[in-house]
Every structure is written in C-alpha cells, then in structure tokens.
Amino acid sequence: MKLQDCLGLSSREMICVVGAGGKTTLLFTLGKELFKCGKKVLLTTTTKIYVPDQQDIYTVVEPEDNIMKNPGILIGKEKTTVWGRDIYQMPGDKDKIVGVKKEVLDWLFIQNIIDYILIEADGAKKKPIKAPDEHEPCIPEKTTTVLGVIGIDAVGRTLNEDNFHRAGIFLKAKHYDLNYKIDVDMVASLIGWEKGLFKDVPSNARKLLILNKVDNSERRNIAQEIARKVLMNESAVAPEKIIFSSFKEGKIKLEVFE
C-alpha cells in the first residue's frame, strides 16, 4: 500500500505534520512518493528543519517576497523541492532551514500551481512525544489534512524532558507526577486533549493519527491498545483515521487500524 493511498489523499492538498517521533521521515517519504507519481510537490516548514542531504532533494533558499513575485521558482525541478526562507547555522550541529510564514503558504496554495504542499508545522527536538506550547503548532488556515504523529517507543519511558518534549505543560494540565512511566493512557489522553496533539487544527481539515515506529509485534499491541482508547473517547479532536507506520531501515510498513 502506498502512503498516499493509506492517507486517502485528494488530488490536491496542503498537509501539515505535527507531533513528534518521525515527522520529518514521514514528510519526506510522502513527498518523494507523490513526486515519483508525477505530482508537483513542495516540502517546507513553518518552524525549522535540518537541511536535507539526500541526493534526490533540491533545496531552495529564497525570501518569501521573491517567491511571491515568482512562485515558479518552486516548480519544474527534477527532484523533490524543499523551500525555506533562510539558513540558520546551528553551533555544533547541522544547519537548519528557516521556515515560512503560514500566511504565505496559504497564499501559495491559492495560486493552484502545486499539487501538494507538505509542511512540518511543529518541533520536538528529536523526542518521541510532545505537548504543544501556546504558540504551537503553526498551521496555515488553508490546510486540508493534519497528520498527528506519536512515536510508540515513548511508551515505557520516563515522563520527563529527556523523553517528552514540553513535559511540564502536560504534567501541569493532566496532573501526572514527574518521572512516572509513560503509558497508553497518557498517550491516549494527549491525543484526545483539545490542547494536545491536534491543537489548533483548522475546522475544515481532516485529522489523521499516525502511531509511528510500530516495528514489531509488541509495539503493534501497544498501538492497538492506544487506538482503541482513542476511538472510545468521543473527543472533539478525535482523528478520522488511525494508521500504524514503520520506516525502520528504509522499509515502509503501513496498517490502517480498523
């Protein structure tokens, strides 16, 4: 099954990826897949992402004003295109692409020259799970689909900042104690919480839950338990669909929970 089919995408979309535990891998996998199908695809961010070093990626660094004057800069490439407005040099780390204002991405989507705009709209500092701060995530209003990602490998780890990005926000809101073990109830609570994984999703956008790093039968059992709890909770932010994914060692495995 192709990722685009698993997600049930329309012929033209603006898709945001939020959460933690494999957002960038998901974003780039989907972008490359769509590009190989002959679609006009743009990968970008409203936060920051590492400058890609893959040979099949073309990176465009242009100010937003330049793109708005000539959006054709972003299409017609022989590789999947990634766009950022600047490069941020990280002391002691790889450089990052500086993200684009969400209003500019709304404008670009309206121009109808790109089939799929894929946006990393949240940062997690490589943690498998996170709670959003007040200013997060940064999702354009014209977004059609939001993919909320959680790394299943978070379950069983200690609830602290080493494993849970912005753990303090979650602890304060949900009244857990620091250094509890992250369990399926915590994960389900984060997903169903209006200020949690699907915070600030536009009302017309589809919400899809991606439980990632389901690399073995044990993790699949954990993912199934979380999925059942999420579907039992009649939350206003409940996802339309739940997908188990694994991208381990470049091998893609997908399963739609039913």
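Odds and ends about this structure:
- Filter result for the condition that a residue is in a loop (DSSP other than H, G, I, E, B), within 20 Å of Phe247 (Cβ to Cβ), in contact (Cβ under 8 Å) with a residue 12 or more places away in the chain and of a type outside the set (Asp, Glu), over Leu178, Leu197, Leu209: Leu197
- Candidate set: region 142-159, residues that are in a strand (DSSP E or B) and within 17 Å of the chain's Cα centre (by Cα); chosen: the one farthest from Leu190 (Cα to Cα): Thr145
- Complete set of residues in region 159-180 that are among the basic types (Lys, Arg) and either modelled with pLDDT under 95 or touching a Phe, Trp or Tyr at 6+ places or on another chain (Cβ under 8 Å) (or both): Lys172, Lys174
- The single condition among (1) under 22 Å from Trp193 (Cβ atoms); (2) outside any loop (DSSP other than H, G, I, E, B) that Leu42 does not meet is (1).
- The lone exception for Gly21 - which of (1) surrounded by 12 or more Cβ atoms within 10 Å (Cβ to Cβ); (2) touching a Phe, Trp or Tyr at 6+ places or on another chain (Cβ under 9 Å); (3) in a loop (DSSP other than H, G, I, E, B); (4) of a type outside the set (Asp, Glu) it fails: (2)
- The selection criterion, being among the aliphatic types (A, V, I, L, M), in contact with a helix residue (DSSP H, G or I) (Cβ under 7 Å, 6 or more places away or on another chain) and assigned to a helix (DSSP H, G or I), holds for Ile226.
- Scanning region 121-130 finds one or more residues that are exposed (fewer than 14 other Cβ atoms within 10 Å of the Cβ) and at pLDDT below 95.
- Applying the set (1) under 21 Å from Ile15 (Cα atoms); (2) touching a Lys or Arg at 6+ places or on another chain (Cβ under 9 Å) to Pro52 leaves exactly one unmet item: (2).
- The one condition in (1) farther than 14 Å from Asp122 by Cβ; (2) in contact (Cβ under 8 Å) with a residue 40 or more places away in the chain; (3) β-branched (Val, Ile, Thr) that Thr158 fails to fulfil: (2)
- Sole exception among (1) assigned to a loop (DSSP other than H, G, I, E, B); (2) acidic (Asp, Glu); (3) closer than 21 Å to Lys127 by Cβ for Asp185, by number: (1)
- Apart from one condition, Leu108 fits all of (1) in a loop (DSSP other than H, G, I, E, B); (2) surrounded by 15 or more Cβ atoms within 10 Å (Cβ to Cβ); (3) among the aliphatic types (A, V, I, L, M); (4) over 18 Å from the mean Cα position of the chain (by Cα); the exception is (1).
- Candidate set from region 216-234 (those that are among the charged types (D, E, K, R) and farther than 16 Å from Phe257 by Cβ); member that is surrounded by the fewest Cβ atoms within 10 Å (Cβ to Cβ): Glu234
- Top-ranked residue of region 122-141 - restricted to ones that are in contact with a His (Cβ under 6 Å, 6 or more places away or on another chain) and not small (Gly, Ala, Ser), ranked as farthest from Leu190 (Cα to Cα): Lys125
- Filter result (surrounded by 14 or more Cβ atoms within 10 Å (Cβ to Cβ) and in contact (Cβ under 8 Å) with a residue 40 or more places away in the chain) within region 61-78: Glu64, Ile67, Pro71, Leu74
The values are calculated or read from the model by the stated rules, or taken from the named source; none is laboratory data. The shown structure was predicted, so the numbers you read here are calculated from the model rather than taken from an experiment. Positions of Cβ are generated from backbone atoms using ideal geometry, with glycine treated the same way; all protein chains shown enter the neighbour counts.
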